[in-house]
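A quick write-up on the structure given underneath.
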Amino acid sequence: MKSFFLHRAVILLITAFIVFCSLSSCSNIKTITILYTNDIHADFLPHGAPWVKEKSKPLIGGFNEFYFAVDSIRKVKPSILMLDAGDVMTGNPITEYIYAGAYGGALIAMMNGIGYDAWTFGNHEFDITHDNLRKLAAIAEFPAVSANILDTLENFPLNNREYIIIEKEGVKIGIIGAMSGEFYKLVKKSSSEGINILPPVETIRRIARQLYPQTDLLIALTHQGIDDDLILAENVPELDVIVGGHSHTQLTKPRYVNGVIIVQTGSHCENLGVLDIEFEDHNIVSFNGSLLPLWYNSERKQTKLSVFIDSVKNQLDKDYSEIIGVLKEDWIRRNDESGIGNFITDAQREAAGADIGFMNTYGIRKDLTAGPITKQDLFEIMPFHNTLMKFELTGSQVRSIVEFYINKHARIQTSGINCEWRRKPDGSIKFTSFIINGKALDENKKYICAASDYMIGTAMDYFGIEIPDAVPVDLTVFSAVENKIKNMKEIRSRVEGRIRKAK
């Protein structure tokens with residue numbers, strides 16, 4: 001009888017223990033909140049919400065609003081991980097100023113003040129020089145994680161790491177960074193020299209399998225775009241989360257593919273991504289993700305960070321508020337010929353003393369409404385450190401470039417070319433007229449041409465041919481355009497039908 005009661009008591013104790021464990025301390029369910037950004041593009045100040053149609057647009061974004069949003073979440077969430085998926089640089093003149101030894105260093109100092117845990121490089125981090133990026137990574141009080149960026153000796157050349165493991169409230173989190181496999185098409189040749197990009201999927205898969213047993217949660221921090229992130233999720237099931245950038249995709253709710261959560265905020269510091277996860281042994285129990293719009297609030301209290309932001313803004317206002325001309329008609333970007341593209345290519349051609357000018361369409365980053373043009377406006381249109389280059393092409397090569405433009409819908413703007421074409425029954429192109437600077441094209445003549453060093457380095461994508469022996473003009477593309485605006489004072493440029501299909 002005694003043994004019966006003893007046996008029953010043991011069963012009751014075991015049952016109570018199981019119930020207790022299921023309710024509390026024996027549960028392996030863990031929680032984490034991931035805060036994330038991508039494609040900030042140096043937009044550290046609030047700006048008009050671009051999707052609002054009214055002329056007076058409400059202000060959104062900026063690092064000050066970002067700081068207050070992050071700070072408020074930290075006060076109520078116990079375990080926070082702060083990540084950025086690249087392209088912090090390029091888009092605002094702050095990147096023209098040296099701070100702590102690096103161009104754009106003030107941006108990284110602001111990110112230090114917000115409290116990031118990790119960052120992966122975007123292609124625009126390479127827009128100035130390797131050396132400058134190395135200095136930016138050294139300023140950061142958080143690691144740069146880019147597993148597939150190596151040098152030719154297979155070393156990590158830019159103060160970057162292959163991966164990191166961070167512990168938050170007892171949770172071990174592995175973070176693997178990766179750059180787009182399209183890197184060489186995204187970065188000018190001088191900035192990609194000496195860089196070896198490993199295939200992203202294979203690289204992340206190899207490291208993920210290594211880190212999986214050592215971590216509770218595994219994150220890929222990528223700068224390659226949503227389409228490639230979807231492919232990554234299908235091919236690396238060991239991952240729990242992909243925090244992505246590059247495509248400026250505004251995922252208001254996370255994608256869930258092959259058991260992997262995929263998030264991205266859009267761009268230009270307009271949203272803070274918030275992802276709450278409950279997980280157990282790499283299995284997602286539940287998750288909830290959203291974007292928090294960073295609407296400007298003029299009544300924010302002053303902080304150490306806001307004082308620093310204001311000091312940088314004051315310097316920019318002093319140097320870049322100068323009105324350099326007046327635009328008489330809106331500059332609107334188009335994939336084919338545009339008025340703004342015509343003006344920029346004309347400026348390059350004239351500055352280089354060339355017969356023909358070329359500009360990559362996607363290098364024009366902003367529209368501009370008619371009115372005063374400030375140096376700040378021009379910088380936001382053309383925020384790149386591109387050098388103006390001069391080179392020679394035969395008339396036959398010029399013809400082949402125009403045929404490539406027509407057949408492949410190449411995204412280029414031109415100056416000095418005026419031609420009309422039609423499609424023959426066999427699908428080939430017949431030019432009914434082809435004029436270079438007022439004279440008929442001579443197939444054997446050599447023409448002087450002008451374009452940016454970026455276009456020269458990616459010539460096959462824009463011209464369909466390589467461009468050998470290009471030499472730099474002692475001028476940036478930005479300076480060439482700025483000088484033309486200052487000289488003209490009043491700017492009128494419109495679509496002219498420089499390369500047009502016969503009616």
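Taking the alpha carbon gyration tensor of the chain, multiplying each eigenvalue by 5 and rooting it gives semi-axes of 51, 26, 20 Å, largest first.
If every alpha-carbon in the stretch 299-439 counts as one equal scatterer, what log10 I(q)/I(0) does Debye give at q = 0.11, 0.12, 0.21 1/Å? Summing over Cα pairs of the stretch 299-439 leads to -0.56, -0.64, -1.34. For V473, the residues whose amide H sits under 5 Å from its own are L388, M389, K390, ignoring neighbours fewer than 5 places away on the same chain, with H placed 1.01 Å from N.
Per-residue Cβ neighbour counts within 10 Å put V171, V312 in the sequence V171, V312, beginning with the fewest. Dipole check for the stretch 323-501: with +1 at the C-beta of Lys and Arg, -1 at the C-beta of Asp and Glu, and the Cα centre as origin, the magnitude is about 540 Debye. Footprinting exposure proxy ranking of D453, D319, D281, fewest other C-beta atoms within 10 angstrom first, gives D281, D319, D453. Please work out, to two decimal places, the log10 of the ratio I(q)/I(0) at q = 0.17 Å⁻¹ from a Debye calculation in which every Cα of the stretch 254-359 carries one identical scatterer. Summing over Cα pairs of the stretch 254-359 leads to -0.99.
With both labels modelled 7 Å from their Cα along Cα-to-Cβ, the K53 to A370 distance reads 2.1 nm. When the trypsin sites (Lys or Arg not before Pro) in the stretch 352-420 are filtered for DSSP coil states and for at most 15 other beta-carbon atoms within 10 Å of their beta-carbon, the remaining sites are R365. For the stretch 167-215, GluC sites (Glu not before Pro) meeting the loop criterion (DSSP other than H, G, I, E, B) and having at most 10 other Cβ atoms within 10 Å: E169.
What you get for the chain, charging only the Cβ of Lys and Arg (+1) and of Asp and Glu (-1), is a dipole of about 1060 debye around the Cα centre. The Cα center of the stretch 408-452 and the Cα center of the stretch 288-349 differ in position by 35 Å. Round to a whole angstrom and tell me the spacing of the C-alpha centers of the stretch 372-396 and the stretch 112-150. If we compute the Cα centre of each part, the gap is 26 Å. Once both labels are positioned 7 Å from their Cα atoms along Cα-to-Cβ, the gap between R134 and Y184 label points is 2.3 nm.
Each residue in S452, S433, S247 was given a count of other beta-carbon atoms within 10 angstrom of its own, and listing them fewest first yields S433, S247, S452. With a Cα cut-off of under 19 Å and a minimum spacing of 8 residues unless on different chains, the lysine pairs in the stretch 323-501 number 19. Taking the square roots of five times each eigenvalue of the Cα gyration tensor of the stretch 88-243, the equivalent ellipsoid has semi-axes of 26, 19, 13 Å, listed largest first. Of the GluC sites (Glu not before Pro) found in the stretch 321-427, those in coil by DSSP whose Cβ has at most 16 other Cβ atoms within 10 Å are E322, E329. The gain in end-to-end length when the V471 to K172 segment is fully stretched comes to 102.5 nm, 0.36 nm per residue minus the alpha carbon separation. Relative to its residue count, the stretch 28-315 spans a Cα convex hull of 129 Å³ per residue. Taking 19 Å as the cut-off, the amide N atoms of the stretch 288-302 that come nearer than this to a point 7 Å along the Cα-to-beta-carbon line of T252 belong to 288-296. For the stretch 348-503, the alpha-carbon coordinates run over 49, 36, 27 Å along the three principal axes, in decreasing order.
Ignoring lysines fewer than eight residues from K304 along the same chain, the ones with Cα atoms less than 24 angstrom from its Cα are K75, K77, K135, K313, K318.
Computed from the coordinates by the stated procedures, all read-outs in this text should not be read as laboratory data. Since the model is a prediction, treat every value here as computed from it, not as a measurement. FYI the Cβ positions are ideal-geometry reconstructions off the backbone, even for glycines, and counts take in every protein chain you see.
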